[in-house]
Amino acid sequence: MSGDEYPSRRPVAILTLVFVYLAVLTLRRPVFFKLGLRPIPRRKAQSTLIVVGLMLATLIITAAFVTGDTLSNSIRTVAIEGMGEMDEVIQEPETGLASSYFKMTRYDTLSAQLAGYTLVDHLLPVIQESVPVVNATHRRSVRSLSILDCALKTWLCCPVRRSPTLSAK
């Protein structure tokens, strides 16, 4: 098994440190520990309701996070599957602060050169930027928003060629 197959041990280490810290506090100040545990046998119903309430709140928050992650993953998967498999990504190297883009004439030339090549299904010019966004009306901002612009006109107008070996699947 490679190291990537094991779950991260950081949460376990953090939890261990918290328990060690609490044990040290208990040993240094046993009065506080006894004051914290004293109401449990006296008010069993209230203590039980508090524990059940905390468990329920934890369950609801965890379910919300799981649902959000599931939806995000589903949307990402549908978007990636909609674009199809990508074997190669060609991009212009970064030059300083300003990002550089391919000129559309370069894309047209490349598309014309690869038009007869059977292993290339399609080319799609894409611009991707990460920008900050501010909504002045509601006074909200997002530090980094990824914007992806595809030339959909190019994508929709050109039929996708399938090689005989791939269409047999």
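Here are the numbers:
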quantity: Within region 104-137, considering residues that are among the aliphatic types (A, V, I, L, M) and assigned to a loop (DSSP other than H, G, I, E, B), the one farthest from GLU85 (Cα to Cα); calculated: ALA136
quantity: Cross-chain or 6+ apart pairs with Cβ under 6 Å, region 46-57 first and closer than 18 Å to GLY36 by Cα, then of a type in the set (A, V, I, L, M); calculated: SER47/ILE40
quantity: Count - residues of region 39-80 that are in contact with a helix residue (DSSP H, G or I) (Cβ under 6 Å, 6 or more places away or on another chain) and β-branched (Val, Ile, Thr); calculated: 1
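Every read-out reported here was derived from the displayed coordinates using simple, explicitly stated rules and does not represent laboratory data. None of these values were measured; they are calculated from a predicted model. Cβ coordinates were reconstructed from backbone atoms using ideal geometry, including for glycine residues, and neighbour counts include every protein chain displayed.
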